[in-house]
Amino acid sequence: MQQRLTPGTVGLLVLPPLLWAGNAVVGRVMAGSVPPMTLNFLRWAIAFVLLLPFAAQLLKPGSSLWPHWRRFLLLGLLGVGCYNALQYLALTTSTPLNVTLVGASMPAWMLAIGAMFFGQRITMRQVTGAALSITGVLVVLSRGDWDVLLQVRLVPGDIFILLATASWTFYSWLLVRPGDPPEIRGNWTLFLMAQLVFGLGWSGLFAGAEWLSAPQHIEWGWPTILALAYIALGPAILAYRSWGLGVQRVGPNIAGFFSNLSPLFAAVLSAAFLGELPSAYHAVAFLLIVGGIVVSSRKTA
């Protein structure tokens, strides 16, 4: 049963956008040092090693994971294999602020996919809020010039992050579907490891295809090592744990609107570490997105 928002749940749902904004900045910095699919694979390989001492029993032949392998194969594909790989790919041609703002279309994706595939009812207030968020996304895609939309000339990064957002939306809805073994659902390390077992295979497959398709290289050094440590510990383990618990408590519809905090965090971090100051159209887009959050989250009298 879904619960009301409490300070603890708000904290769980605010932490992932902060960590993911940092992930976008790091992904932008690493764009020329580590290929995007390889960066995603290395991130999850490190997370797998860190979780292994706490979840090794899950890999045994008789564990409760294997009868449910199809579910975790799909969760691993959407949440581990696709989402961040597409985000890192987007950051090779786009900025962290653009990527997080375009990703702020998630509430609309949550409502639409929830209604079409998971039998969820949506209200006019939610639709209005989602429309405001989508308008903000269009402002980003048009770079503040509506004539650009008529030309339908998006940079590749904008398309990749939209695909990533769709992947994450399906992943979030699947999190609240019943059927997980109680011993896995009740232990976040086991639940994440169950996804990693298969997700690491997906991300390794994508990284292998990346190296086969064209010559690749990795620039090793302390910046790369520190970046990998951050994206494995923060955006991977801590953010996934917090997001999973938050979604289970309040549901994807409400949780989805917290993802709109990422642009604010990304704007601050980008200005501080990359010198990529926001433009006027970013401010307009952010106001529209915040308006969408306020409208959608207000309770009717």
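Checking the condition within 18 Å of the chain's Cα centre (by Cα), surrounded by 15 or more Cβ atoms within 10 Å (Cβ to Cβ), aromatic (Phe, Trp, Tyr) and modelled with pLDDT of 90 or more, which residue from Trp44, Trp20 passes? From the options Trp44, Trp20, the qualifying one is Trp44.
Here region 162-177 is the region considered, the condition is being modelled with pLDDT of 85 or more and of a type in the set (Val, Ile, Thr), and the residue that is nearest to Ile254 (Cα to Cα) is Thr169. Within the bounds of region 193-215, is there any residue that is outside any helix (DSSP H, G or I) and crowded, with 19+ Cβ neighbours inside 10 Å? No, the conditions are met nowhere in region 193-215. Can you tell me which residue within region 274-295, out of those that are in a helix (DSSP H, G or I) and modelled with pLDDT under 70, is surrounded by the fewest Cβ atoms within 10 Å (Cβ to Cβ)? In this case the residue turns out to be Val294. Of the residues making up region 232-254, those that are at pLDDT 90 or above and either more than 15 Å from the chain's Cα centre (by Cα) or over 26 Å from Ser133 (Cβ atoms) (or both) are Ala232, Leu233, Ile237.
Please go through (1) surrounded by 15 or more Cβ atoms within 10 Å (Cβ to Cβ); (2) in contact (Cβ under 8 Å) with a residue 12 or more places away in the chain; (3) over 20 Å from the mean Cα position of the chain (by Cα) for Leu59 and return the number of the only condition it doesn't satisfy. (1) is the only condition that Leu59 fails. The selection criterion, being buried (at least 24 other Cβ atoms within 10 Å of the Cβ) and either among the aliphatic types (A, V, I, L, M) or on the phi < 0 side of the Ramachandran plot (or both), does not hold for Gly114.
Scanning region 101-131 for residues that are within 22 Å of Ala283 (Cα to Cα) and hydroxyl-bearing (Ser, Thr, Tyr) yields Ser105, Thr128. Scanning region 217-243 for residues that are of a type in the set (A, V, I, L, M) and in a helix (DSSP H, G or I) returns Ile225, Leu226, Ala227, Leu228, Ala229, Ile231, Ala232, Leu233, Ala236, Ile237, Leu238, Ala239.
The values are calculated or read from the model by the stated rules, or taken from the named source; none is laboratory data. Since the model is a prediction, treat every value here as computed from it, not as a measurement. Quick reminder, even Gly has a Cβ in these numbers, built from the backbone with ideal geometry, and neighbours come from all protein chains shown.
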